[in-house]
Amino acid sequence: MSDAAVAEPTGAARLWDWSRTRPWWVQVLAVYAGARLATTVVFLWVASVQGQNAWTGPHPGYFPYVGFMFDGSWYRQIAESGYPAQLPVGAAGDVQQNAWAFYPLFPFLTRGVMEITRLPWEVAAPTVALLLGAVAMLLIYRAVDQGAPRAVRARPGLPLATVALVSVFPTAAVLQTAYSEALALALIAAALLLLIRRHYAWMAVAVLALGFTRAVALPMAAVVVVHAAVRWWNARRQTDTFTWRTAVGLGLLTVWSAASGLLWPAVCGWVTGVSDGYLQTQEAWRGVRSVAPFYGWTYVPNFWFGDLAIPVVVLGFALVIAVLVVPAAWRLGNELHSWAAAYVVYIAAVVEPGSSLARFLLLAYPLGAVTAGVVTRPAAARRWWFVGVLLLMFGLQFLWVREMWQANAGPDWPP
């Protein structure tokens, strides 16, 4: 056998070499499409074993399953009927679960698509989410590429690796369901990219839109503060500029971001006439009717882990802190690193620990860059680490869909 024959690349190698020469956006969309196709297979299998439940009949088709289940039905109600003018209350006078807990931009955007295309909700909403997820991945790639140059130098291919890990994150399945995570992820990535590029006015637009998408705009104010502090410090070292106009502009952007995070609760109070109506609505979903910061961590873990609750919570917090302080995290740009830190602290304070917490972690996408960048060399170790994490993530995604979308959806659920 000749040396030339031995050196002939395999079909897989030729395909890999060809794919690496494609434009960056083609690579991103191909990775995202592959991940969503795999998730579709998981949804179809879980739907095939789904029994009767509160949202669909047994063994539903793909679109009813991803369009009506859980929060999808709440968003559908908002798209078709809007919000109640009065908060519903029970016999004891407590506010009951209602549509004000869900933000309006995603359902109203989908309603517009429905009007234009004449598609039903169960087709339009997952399709809108799917497309918004693709936009989010393109923005994530650019944010990591431009906002984490040290990390990219240490780990070549980091932007695309981040896209891959976010695409197969255990709860990334919601990027193709009638949920608002895809829109929120796109707006967060856009806001951070605009901040990195110093397009502050356009970032204000993205943050305002985020304030009408999910309750996650508030920690963006902390990111702006960090960005401003770094610019000021670098100006003192004469490596950047920081004029009084810059200071005023970033100060206004900080206030704007904080206000955007409080805007929807204010709208709820104004429309319903109950100033804390949004908070009372949130309490209706809690195991204990309280939204005090971090309070959920004092009782919810006992439901899940019993006597092991304290060790599990401590271990979980230690793992998150470790991800935020490893060298791969510090190699991120200030904007990406501070968003991950501020957002994780924020959701730990305001979200009751449970199944939804894993879904909310999807929005901390810079942690995907941290995970991919933990191992930087040699190249073989980097590849094995990435493949291992990728397979683990998708395995956990299969488990999450199987357990959360089927096991908990019996005819008596929700309670």
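The values are calculated or read from the model by the stated rules, or taken from the named source; none is laboratory data. Being a predicted model, the structure only gives us computed values, none of them experimental. Every residue, glycine as well, gets a Cβ built from its backbone with ideal geometry; the counts of neighbours run over all protein chains shown.
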Please find, among Ala364, Ala380, the residue that is among the small types (Gly, Ala, Ser) and either at positive phi or under 16 Å from the mean Cα position of the chain (by Cα) (or both). Ala364
Considering only residues that are closer than 12 Å to Arg150 by Cα and part of a helix (DSSP H, G or I), which ones fall in the range 322-346? Pro327, Ala328, Ala329, Trp330, Asn334
Hey, Thr171 hits all of (1) more than 24 Å from Trp385 (Cβ to Cβ); (2) under 21 Å from the mean Cα position of the chain (by Cα) but one; which does it fall short on? (1)
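Okay, residues lined up against (1) of a type in the set (Asp, Glu); (2) modelled with pLDDT of 95 or more; (3) under 25 Å from the mean Cα position of the chain (by Cα); (4) closer than 19 Å to Pro219 by Cα:
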| residue | (1), (2), (3), (4) |
| --- | --- |
| Val271 | no, yes, no, no |
| Val274 | no, yes, no, no |
| Gly287 | no, no, yes, no |
| Ile310 | no, no, no, no |
| Ile321 | no, no, yes, yes |
| Pro327 | no, no, yes, no |
Looking at (1) within 21 Å of the chain's Cα centre (by Cα); (2) farther than 30 Å from Met203 by Cβ, which one does Trp297 not meet, given that it meets all the others? (1)
Condition check for Gly287: surrounded by 16 or more Cβ atoms within 10 Å (Cβ to Cβ) and either in contact with a helix residue (DSSP H, G or I) (Cβ under 8 Å, 6 or more places away or on another chain) or within 18 Å of Ala348 (Cα to Cα) (or both): no
Between residues in the range 43-57 that are touching a residue at least 40 places away in the same chain (Cβ under 8 Å) and residues that are among the small types (Gly, Ala, Ser) and in a helix (DSSP H, G or I), which pairs lie under 6 Å by C-beta distance while being six or more apart or on different chains? Trp55/Ser73
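One line per residue, one yes/no per condition, for (1) in a helix (DSSP H, G or I); (2) crowded, with 21+ Cβ neighbours inside 10 Å; (3) free of Cβ contacts under 8 Å to residues at least 60 places away in the same chain:
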{"residue": "Met114", "(1), (2), (3)": "yes, no, yes"}
{"residue": "Val144", "(1), (2), (3)": "yes, yes, no"}
{"residue": "Val163", "(1), (2), (3)": "yes, yes, no"}
{"residue": "Val205", "(1), (2), (3)": "yes, no, yes"}
{"residue": "Ala222", "(1), (2), (3)": "yes, no, no"}
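Please find, among Gly34, Gly51, Gly82, the residue that is modelled with pLDDT under 95, surrounded by fewer than 16 Cβ atoms within 10 Å (Cβ to Cβ), over 14 Å from Ala125 (Cβ atoms) and not hydrophobic (A, V, I, L, M, F, W, C).
On the way: Gly34 fails: modelled with pLDDT under 95; Gly82 fails: modelled with pLDDT under 95.
Just one listed residue meets the conditions, Gly51.
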Report those helices (runs of 4 or more DSSP H) wholly inside the range 14-90 carrying at least 2 residues which are hydroxyl-bearing (Ser, Thr, Tyr) and farther than 21 Å from Ser167 by Cβ. 71-81
